[in-house]
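The values are calculated or read from the model by the stated rules, or taken from the named source; none is laboratory data. All values reported here derive from a predicted model rather than from experimental measurement. Neighbour counts run over all protein chains shown; Cβ positions are idealised from the backbone, glycine included.
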Amino acid sequence: MHWYLDVLKKYATFTGRARREEFWMFALANLIVSVLLMVIDGVLGTFGILGIVYSLGLFLPGLAVSVRRLHDTGRSGWWILIAFVPLVGAIVLLVFLVSDSAPHPNAYGPNPKIVPHNPQAWSTY
């Protein structure tokens, strides 16, 4: 649950890096909430209004965590646009998103696997 809330706290933060775990746990929580909202929409007969509002509210955090995930693999956030290439674009983006982190600090920051979660402790590295 904290992965989901951490992404929401960084609502529009497009700098830095996001580990695979952060990205995929957010995606899983998003999927679960979306399915629940679809069921609620179906029971209430609201024609998907709840799901649409939820999707619009989480568009920016989802985009930001995706860009940070690409940064973690050493790629620019602009690579997210490859998803618009028919047939292969989404597959290439998926491969980028499941790739392991760059093991060393890169242009987007230190490796989040090595750096402790306490930002004050960063000064020791």
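Starting from residues that are of a type outside the set (A, V, I, L, M, F, W, C) and under 14 Å from P61 (Cα atoms), keep the ones in the range 21-30 and report whichever is surrounded by the fewest Cβ atoms within 10 Å (Cβ to Cβ).
Pass one, the range 21-30, residues of a type outside the set (A, V, I, L, M, F, W, C): 21-22, 30.
In the following step, the residues that additionally are under 14 Å from P61 (Cα atoms) were identified as 22, 30.
Values: E22: 21, N30: 18.
Ranking the qualifying residues of the range 21-30, first place goes to N30.
This table checks each residue for (1) buried (at least 18 other Cβ atoms within 10 Å of the Cβ); (2) within 20 Å of Y108 (Cα to Cα); (3) touching a residue at least 24 places away in the same chain (Cβ under 8 Å).
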{"residue": "M1", "(1), (2), (3)": "no, no, yes"}
{"residue": "I32", "(1), (2), (3)": "no, no, no"}
{"residue": "V35", "(1), (2), (3)": "no, no, no"}
{"residue": "V39", "(1), (2), (3)": "no, no, no"}
{"residue": "G45", "(1), (2), (3)": "no, no, no"}
{"residue": "G62", "(1), (2), (3)": "no, yes, yes"}
{"residue": "L87", "(1), (2), (3)": "no, no, no"}
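I'd like to check something: does the range 76-88 contain any residue that is among the hydroxyl-bearing types (S, T, Y) and more than 24 Å from Y4 (Cβ to Cβ)? Yes, there is a match, as at least one residue in the range 76-88 is among the hydroxyl-bearing types (S, T, Y) and more than 24 Å from Y4 (Cβ to Cβ).
Determine, yes or no, whether G109 is over 20 Å from M1 (Cβ atoms) and not aliphatic (A, V, I, L, M). Judged against the criteria, G109 is a match. Among the residues of the range 8-30, the ones that are in contact (Cβ under 8 Å) with a residue 24 or more places away in the chain and either among the basic types (K, R) or touching a Cys at 6+ places or on another chain (Cβ under 8 Å) (or both) come to 4 in all.
Residue pairs whose Cβ atoms lie under 8 Å apart, sitting 6 or more positions apart in sequence or on different chains, and linking a residue in the range 103-125 that is surrounded by 11 or more Cβ atoms within 10 Å (Cβ to Cβ) and charged (D, E, K, R) to a partner that is assigned to a loop (DSSP other than H, G, I, E, B) and at pLDDT 80 or above, are K113/R19; K113/S101.
When the range 42-59 is examined, which residues are found to be under 15 Å from V7 (Cβ atoms), part of a helix (DSSP H, G or I) and of a type outside the set (G, A, S)? Of everything in the range 42-59, those that are under 15 Å from V7 (Cβ atoms), part of a helix (DSSP H, G or I) and of a type outside the set (G, A, S) turn out to be Y54, F59. Just one of (1) touching a residue at least 24 places away in the same chain (Cβ under 8 Å); (2) surrounded by fewer than 14 Cβ atoms within 10 Å (Cβ to Cβ); (3) not hydrophobic (A, V, I, L, M, F, W, C) fails for S99. It is (2). Report yes if some residue within the range 12-20 is part of a loop (DSSP other than H, G, I, E, B), loosely packed, with under 12 Cβ neighbours inside 10 Å and in contact with a Leu (Cβ under 8 Å, 6 or more places away or on another chain); otherwise report no. Looking through the range 12-20, at least one residue is part of a loop (DSSP other than H, G, I, E, B), loosely packed, with under 12 Cβ neighbours inside 10 Å and in contact with a Leu (Cβ under 8 Å, 6 or more places away or on another chain). Within the range 67-115, the residues that satisfy the criterion of being among the charged types (D, E, K, R) and over 14 Å from T15 (Cα atoms) are D100, K113. Only one of the numbered conditions (1) farther than 24 Å from N111 by Cα; (2) in contact with a Ser or Thr (Cβ under 9 Å, 6 or more places away or on another chain); (3) not hydrophobic (A, V, I, L, M, F, W, C) is not met by R17, and that is (1). Please indicate, with yes or no, whether at least one residue in the range 33-40 is under 11 Å from the mean Cα position of the chain (by Cα) and either modelled with pLDDT under 95 or at negative phi (or both). No.
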